[in-house]
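The structure is given below, and queries will be raised subsequently.
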């Protein structure tokens, strides 16, 4: 197989090129012929490439050998992917017929379609009945999906009272200790396997997270951030006040979107979205697991994942793409992450708009500009969600390169979302924009 040039390539470009060589997968594809984001997340990465076992193939930038291996794996599975696309069409039709609304149709049906393609190949004359039976098995004959079971469990007054009391007991049982940030600073500066192992094996991440529960916790974390990053900490969206409040049990009792004060219900709903039905514990056990996770530092049960989030927290203040290059004294990794976003065309366009040369859009730009100014907050939100998913599945970064790739990938993902938002606004308002140009 031809490996192309000897230069490293973006993984997204490698996937798109390989995907375009597979016909019959239009329902799994974007308008320009590449795989949908959910196709990558729900089919390609976990089922075809198996990035958990081959983390080198999941990195944002691939060397020629990895790019060739990724292409080979995808093309070798072409027949099954075509069958997956055909099964997805049947599943979508049967969801409507059975009036199933639980979950996003792609999140739910993409993995199921691949499973049917593996077991049955291309859909045959019995495809309609097979698809309906698979959906009934997945959601239950009564249509009561995991989310419905969770809602019913938390709605029971006796359960709700017991769970709330247990949440408070576990929350207050955790003792906040003064963090030793030496390991965190060493990893930020060195990004080596040795410094990562020292940080991952320490309680630094949990200690920083638990410290936010003390009076003046936000101020203490800001001092740590400034000491390591050299920058004052903006609002990072972690909590509403100076100390983290005990999260509520039910989503209806949330007082805001802050990461560390999200309800237990919201977190377990995320777990249900991430785990296939055959890997889910009973809802009662999922809630109990989440109570323990909520009580841990930064709401992450595994110390290495709390350490990853602590890394994100100290890097986040440098992510100010509207300000251009990060100032001197900022850790080199943070400077590179900020530069990755700051040179994006949509960011340069926004900076020109702020300078008064041309409007970003012909209507008020407040929301778009706020999103760009709060890039650090959006990055941390996405990083926490990613780490919570790791925690649910028991996954851990293998080495320092995995940590760097994780953080770099989250920055890129955040940037791509904002770029899409700006592009949509510009396209929708192009006639007005031309009129005021």
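Just so it is clear, none of the values below were taken in a lab; they were calculated from the coordinates. All of these numbers come straight from a predicted model, not from anything done at the bench. Virtual Cβ from ideal backbone geometry, glycine too; neighbours counted across all protein chains shown.
For the stretch 1-122, take N as its residue count and report Rg(C-alpha) divided by 2.2 N^0.38 Å.
1.09
Using the basic label-point model (7 angstrom from Cα toward the beta carbon), what is the residue 105 to residue 252 distance in nanometres?
Using points 7 Å along Cα→Cβ, the separation is 3.0 nm.
Restricting to Cα pairs below 8 Å that are 6+ residues apart, what does the relative contact order work out to for the stretch 1-124? Please round to a whole percent.
31 percent
Where does each of 195-202, 177-184 land if you order them by average Cβ count within 10 Å, highest first?
Ranking, from highest mean packing down: 195-202, 177-184.
Which length gain, in nm to one decimal place, applies between residue 10 and residue 421 when the Cα-Cα distance is subtracted from 0.36 nm times their residue separation?
Between residue 10 and residue 421, full extension yields an extra 145.8 nm.
Determine, from the Cβ-Cβ distance of residue 148 and residue 172 and an R0 of 25 Å, the FRET efficiency 1/(1 + (r/R0)^6), rounded to the nearest 0.05.
Plugging the Cβ-Cβ distance into 1/(1 + (r/R0)^6) gives 0.20.
When only Cα pairs under 8 Å and 6 or more residues apart are kept, what is the percent relative contact order across the chain?
The value is 13 percent.
Give me 415, 12 ranked fewest to most by other Cβ atoms within 10 Å of their Cβ, as a rough exposure proxy.
Neighbour counts put them in this order, fewest first: 12, 415.
As a test of the definition: which semi-axes, in Å, follow for the stretch 148-302 when you take the square root of five times each eigenvalue of its alpha carbon gyration tensor? Largest first, please.
Ellipsoid semi-axes (Å, largest first): 31, 18, 13.
Over all directions, the average projected area of the alpha-carbon convex hull for the stretch 9-76 comes to how many nm²?
The Cα convex hull of the stretch 9-76, projected and averaged over all directions, gives 4.1 nm².
Moving on. Going highest first, how would you order 241-247, 82-88, 326-332 by mean Cβ packing within 10 Å?
Listed from highest to lowest mean packing, they are 82-88, 241-247, 326-332.
First measure r as the distance between the Cβ atoms of residue 222 and residue 343, then evaluate 1/(1 + (r/R0)^6) with R0 = 35 Å and state the FRET efficiency to the nearest 0.05.
After rounding, the FRET efficiency stands at 0.75.
Show me the ranking of peptides 107-114, 161-168 by mean Cβ neighbours inside 10 Å, starting with the highest.
My ranking of the peptides, most packed first, is 107-114, 161-168.
Extending each Cα 7 Å along its Cβ direction at residue 214 and residue 75, get the distance between those two points in nm, one decimal.
5.9 nm
May I ask you to sort 319, 369, 406 by Cβ crowding, counting other Cβ atoms within 10 Å and putting the fewest first?
Fewest-to-most ranking of 319, 369, 406: 369, 406, 319.
Also: What whole-number distance in Å separates the alpha-carbon centres of the stretch 260-295 and the stretch 1-58?
30 Å
Taking neighbour Cβ counts within 10 Å as the exposure measure, how do 290, 26, 265 sort from fewest upward?
The most exposed by this proxy come first: 26, 265, 290.
May I pose another question? Can you grab the distance from the C-alpha centre of the stretch 323-344 to the C-alpha centre of the stretch 91-109, Å, no decimals?
Each part's Cα centre sits 43 Å from the other's.
For n ≥ 4 DSSP H runs only, could you compute -39500 (n - 2.57) per run for the chain, divide by its residues and tell me the 222 nm figure to the nearest 500?
Here the helix-only value at 222 nm equals -18500 deg cm²/dmol.
As an exercise, use a Förster radius of 60 Å and the Cβ-Cβ distance of residue 122 and residue 155 to find the FRET efficiency, rounded to the nearest 0.05.
Efficiency for this residue pair is about 0.85.
With contacts defined as alpha carbon pairs under 8 Å and 6 or more residues apart, what's the relative contact order of the stretch 9-76 in percent?
44 percent
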